[in-house]
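S.K.: Got a structure for you, questions after.
The values are calculated or read from the model by the stated rules, or taken from the named source; none is laboratory data. Here the structure is a predicted model, which is why all the values come from computation and not from measurement. Cβ: placed from backbone, ideal geometry, glycine included. Neighbour counts: every protein chain shown. Accessible surface is based on the protein model in full, side chains and every heavy atom, while ligands, DNA and RNA are left aside. Shrake-Rupley method; radii C 1.70, N 1.55, O 1.52, S 1.80 Å.
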Amino acid sequence: MSERDPLSFEVLRPASGPDQHGRRRMHPLTPLIQGVRWLPAMIVAAITLPAQLELTVGTGMLLAAAAGVVIVAVLAVGWNFLQWQRMYFWFDEDGDLRVDSGVLQKQERRVQLSRLQSVDVMQPLLARLAGLAEVRIEVAGAGDSRQSLQFLTLAEANALRNEVIARSAGVRHDAEEAPEQLLAAVPAGDLVVSLLLRAETFFLLLATVAVIATTVLSAGSVGLLLLFLGGVPIFQVFNQFSRYYDFQVADSPDGLRLRHGLLQRTRQTVPPGRVQAVGFVQPFLWRRKGWVRVRLNVAGVASGNQGSGDQSYTENVLLPVAPWPVALAIVARVLPGVDIPAVPLLSAPDRSRRRAWIQWRRLAVGWDDAVVVTRRGRVTEHWDVVPHARTQSVRVTQGPWQRSLGLASVHIDSTPGAVRPIALHRDAGEARDLAQAQADRAAAARAADRSLRWAASPQPLDPAGGVAPGTPDSVPLPTPADEPAAGLPVEATADHPDAGPLEQ
Amino acid sequence: MTTPEGSAPAVPTRTVDQAFMPEGEPWQRVSPVLAKAYRIELVIGVGLGLVVVALLNLIPDMPRVVPLVLAAALLVALVWIWIVIGRRVRSWGYAEREDDLLVTSGILFRRLVIVPYGRMQLVDLTAGPLHRALGITTVQLHTAAATTDASIPGLTPEVAAGLRDRLARRGEQRSAGL
């Protein structure tokens, strides 16, 4: 934290303190940075549009373009200034974060910190130069569950991050930042080699050559210039490198901390118990090196459109590249008490070869007391792990081809994300039993799960913020005696907040 | 089409139907009115298709045979899907068990979903204009996983409302955060 960032000038003083209502504002430089962010894109547009329309470029034209850029920039900064002026945040008496914003349409938002999933402190390049940072808070919930706060000075952002995490954990919110212990750091050399050894890189290179060739043939060298301004497919690899450069994983009582980025620095915090699923990916060419990539599903952090712009990139990477033992050691911190290699695996039946010629030998599923593990993929191997307590639903599916072979697949549904565990091509009857057994294990694990409040102190300051979401307020209706009532153990934890296994 | 060559070890331990609709569960079927709704939708769809095919005739130099073949294909599809809809609707089933809800459906692509009550986040009741006119409703369950996909179409409004209330009550009793 105290380490000096060579790219940051750190000249700014913190934003003004809270007003008479205890509300705070973003840093006054925010509108400028938000407005200027569009400048490169606008300049590119100002260059490319006339070229595309094949207009002759004269002095008047240049002046008009420059004036247009300036006007748009001023308007953007002005609009962002209005937004900044109307944006406040504070913590209410229940300990939840409140954010008021909106120029034309007022928005009052209450971020329920008991449902916190992760907190990121991000520094896009421009903000980083100015020593500012953005705080992104993810809570569990349908739809737009992300609250972004742009921008605060880095020190303020880190302080806010600590306060959010402390309040959500139910510990004193003026507590010191929890100490951390560095678990792993990815060397830049390994990152480069790992990116080069991915088949994706090869295809991107091919695509780039094809795009450049067609552009040069059709539009000449002007087209080439435009192409480089707009980006070629191979830039994706540079993006990946830049995103995961200097990747560090640290452990602290308030969760796993991930830090990475060459130009845009990101500090991500995933509190314990928030990890819904873990996936290991091993591309074919990494096998000799014994490397894997580790991904996470975290509720509320939507995934999907990876690689398209910094906003939407949310493939949650726990480790971009690491040797198996390191990856397993770190995953053991995320899922305490889980020994993945020790989980006995059951292979898919031999006749699955007729459905999956290449990968059938690698198809397997296994479970122990805590997790279910699926394995698939011959060329790129996937190991997906879901704790029983995080299983959402279980599905058995069967297509016509599988049906003719008496096979079926079992899906273990997790929250949206890159990790999608599936036990492919099992015997149909076995699949059905597997699904039922998994549902039963999930029910038992849910009943015993206590990881929602990981650091509840004996006297929590804000009990409202500390109660597990969904804990029934009312007395559960009478349930049949033979059924283990899932609600009861959760209540027991509420009565004895220090009874649950603490993570540290 | 690949078929098993009848070799002994390849025989599944259970029949496929039992795997997707196991016996001993309180299976409920959906209303046959759903087939009617699907068939009306089918006829409307094919009707629109035929209109488009008829418009093809207005294109100059279009060989006569093209619209005829397309129209014939549409009518064959109509008859075939008309028949399949009956089986498709009969394939839907759901069972409310002690701790979870089972939903099964599909002929060509079969599925069985097990949704624990404690994992349900929302229960939606929806009905489009046609379904409303016929008096049927769809109950859709949502969990924190987007892939859960547990919807039960073709329930009468009373059955649907009763199911929703029971699901909501059980969900509350067993709710377990994330």
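S.K.: For region B:136-160, name all the residues that are open to solvent by 30 Å² or more (accessible area, probe 1.4 Å) and either away from every other protein chain (no Cβ under 14 Å) or not β-branched (Val, Ile, Thr) (or both).
M.R.: Kept after step one, since they are open to solvent by 30 Å² or more (accessible area, probe 1.4 Å), are these residues of region B:136-160: B:140, B:142, B:146-147, B:149, B:156-159.
Within region B:136-160, B:GLN140, B:HIS142, B:ALA146, B:ASP149, B:THR156, B:PRO157, B:GLU158, B:VAL159 qualify.
S.K.: Restricting to region B:84-105, name every residue that is free of Cβ contacts under 8 Å to residues at least 40 places away in the same chain and facing chain A (nearest Cβ under 9 Å).
M.R.: Keep residues of region B:84-105 that are free of Cβ contacts under 8 Å to residues at least 40 places away in the same chain, which gives B:84, B:87, B:91, B:98, B:100, B:105.
Scanning region B:84-105 gives B:GLU98, B:ASP100.
S.K.: All but one of (1) more than 7 Å from chain B (Cβ to nearest Cβ); (2) open to solvent by 20 Å² or more (accessible area, probe 1.4 Å) hold for A:TRP401, so report the exception by its number.
M.R.: (1)
S.K.: Can you tell me which condition A:LEU55 does not meet? The list is (1) of a type outside the set (Gly, Ala, Ser); (2) within 30 Å of A:ARG243 (Cα to Cα); (3) at pLDDT below 90, and all the others hold.
M.R.: For A:LEU55, the exception is condition (2).
S.K.: If a residue must be in a loop (DSSP other than H, G, I, E, B) and either more than 8 Å from chain B (Cβ to nearest Cβ) or under 21 Å from A:ALA356 (Cβ atoms) (or both), how many such residues does region A:404-445 contain? Let's see the steps before the verdict.
M.R.: Residues of region A:404-445 that are in a loop (DSSP other than H, G, I, E, B), as a first pass: A:406, A:414-421.
With either more than 8 Å from chain B (Cβ to nearest Cβ) or under 21 Å from A:ALA356 (Cβ atoms) (or both) added as a condition, the list becomes A:406, A:417-421.
Qualifying residue count for the region: 6.
S.K.: Determine, yes or no, whether B:LEU75 is touching a helix residue (DSSP H, G or I) at 6+ places or on another chain (Cβ under 8 Å) and of a type outside the set (Phe, Trp, Tyr). Steps first, answer last, please.
M.R.: Working: touching a helix residue (DSSP H, G or I) at 6+ places or on another chain (Cβ under 8 Å): yes; of a type outside the set (Phe, Trp, Tyr): yes.
It is true that B:LEU75 is touching a helix residue (DSSP H, G or I) at 6+ places or on another chain (Cβ under 8 Å) and of a type outside the set (Phe, Trp, Tyr).
Let's see how each residue does on (1) surrounded by 12 or more Cβ atoms within 10 Å (Cβ to Cβ); (2) more than 30 Å from B:GLY24 (Cα to Cα):
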site: B:ILE44; (1), (2): no, yes
site: B:VAL53; (1), (2): yes, yes
site: B:LEU75; (1), (2): yes, yes
site: B:TRP82; (1), (2): yes, yes
site: B:ILE85; (1), (2): yes, no
site: B:TRP92; (1), (2): yes, no
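S.K.: Okay, next question. Considering only region A:1-48, how many residues are at pLDDT below 80, under 27 Å from the mean Cα position of the chain (by Cα), among the hydrophobic types (A, V, I, L, M, F, W, C) and assigned by TED's automatic domain parsing to the domain that holds A:PHE151?
M.R.: So the answer is 2.
S.K.: Looking only at region A:80-123, count how many residues are within 11 Å of A:GLN147 (Cα to Cα) and among the basic types (Lys, Arg).
M.R.: So the count comes out to 3.
S.K.: In region B:64-121, which residues are within 21 Å of B:LEU141 (Cα to Cα), under 17 Å from the mean Cα position of the chain (by Cα) and part of a helix (DSSP H, G or I)?
M.R.: Of everything in region B:64-121, those that are within 21 Å of B:LEU141 (Cα to Cα), under 17 Å from the mean Cα position of the chain (by Cα) and part of a helix (DSSP H, G or I) turn out to be B:ARG88, B:VAL89, B:ARG90, B:SER91.
S.K.: Can you tell me which of (1) crowded, with 21+ Cβ neighbours inside 10 Å; (2) of a type in the set (A, V, I, L, M, F, W, C); (3) part of a strand (DSSP E or B) is the one A:ILE165 doesn't meet?
M.R.: (3)
S.K.: Another question about this same structure. Considering only residues that are surrounded by 17 or more Cβ atoms within 10 Å (Cβ to Cβ) and farther than 30 Å from A:GLN276 by Cα, look in region A:95-128 and name the one that is farthest from the chain's Cα centre (by Cα).
M.R.: Checked region A:95-128; the qualifying residue farthest from the chain's Cα centre (by Cα) is A:SER101.
To keep it simple, each residue is scored yes or no on (1) surrounded by 18 or more Cβ atoms within 10 Å (Cβ to Cβ); (2) over 13 Å from A:PHE280 (Cβ atoms).
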residue: A:LEU318; (1), (2): yes, no
residue: A:PRO323; (1), (2): no, no
residue: A:VAL326; (1), (2): yes, no
residue: A:PRO336; (1), (2): no, yes
residue: A:LEU345; (1), (2): no, yes
residue: A:ASP350; (1), (2): no, yes
residue: A:ARG353; (1), (2): no, yes
residue: A:LEU363; (1), (2): yes, yes
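Conditions tested, residue by residue: (1) at pLDDT 85 or above; (2) among the aromatic types (Phe, Trp, Tyr); (3) in a helix (DSSP H, G or I).
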position: A:ALA67; (1), (2), (3): yes, no, yes
position: A:ILE71; (1), (2), (3): yes, no, yes
position: A:ALA76; (1), (2), (3): yes, no, yes
position: A:ASP100; (1), (2), (3): yes, no, no
position: A:ARG110; (1), (2), (3): yes, no, no
position: A:VAL121; (1), (2), (3): yes, no, no
position: A:LEU126; (1), (2), (3): yes, no, yes
position: A:ALA142; (1), (2), (3): no, no, no
position: A:GLU156; (1), (2), (3): yes, no, yes
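S.K.: Another question, then. What's the number of the condition A:ARG293 fails, among (1) part of a loop (DSSP other than H, G, I, E, B); (2) modelled with pLDDT of 85 or more; (3) out of contact with any His (no Cβ under 7 Å at 6 or more places or on another chain)?
M.R.: Of the numbered conditions (1) part of a loop (DSSP other than H, G, I, E, B); (2) modelled with pLDDT of 85 or more; (3) out of contact with any His (no Cβ under 7 Å at 6 or more places or on another chain), the odd one out for A:ARG293 is (1).
S.K.: Shifting gears a bit: Going by the conditions given, is B:GLY106 open to solvent by less than 30 Å² (accessible area, probe 1.4 Å), in contact with a Leu (Cβ under 6 Å, 6 or more places away or on another chain) and modelled with pLDDT of 85 or more?
M.R.: Working: open to solvent by less than 30 Å² (accessible area, probe 1.4 Å): yes; in contact with a Leu (Cβ under 6 Å, 6 or more places away or on another chain): no; modelled with pLDDT of 85 or more: yes.
So B:GLY106 fails the test.
S.K.: Determine whether B:LEU122 is in contact with a Leu (Cβ under 8 Å, 6 or more places away or on another chain) and touching a residue at least 60 places away in the same chain (Cβ under 8 Å). It would help to see each step written out before you state the result.
M.R.: Values: in contact with a Leu (Cβ under 8 Å, 6 or more places away or on another chain): yes; touching a residue at least 60 places away in the same chain (Cβ under 8 Å): no.
It is false that B:LEU122 is in contact with a Leu (Cβ under 8 Å, 6 or more places away or on another chain) and touching a residue at least 60 places away in the same chain (Cβ under 8 Å).
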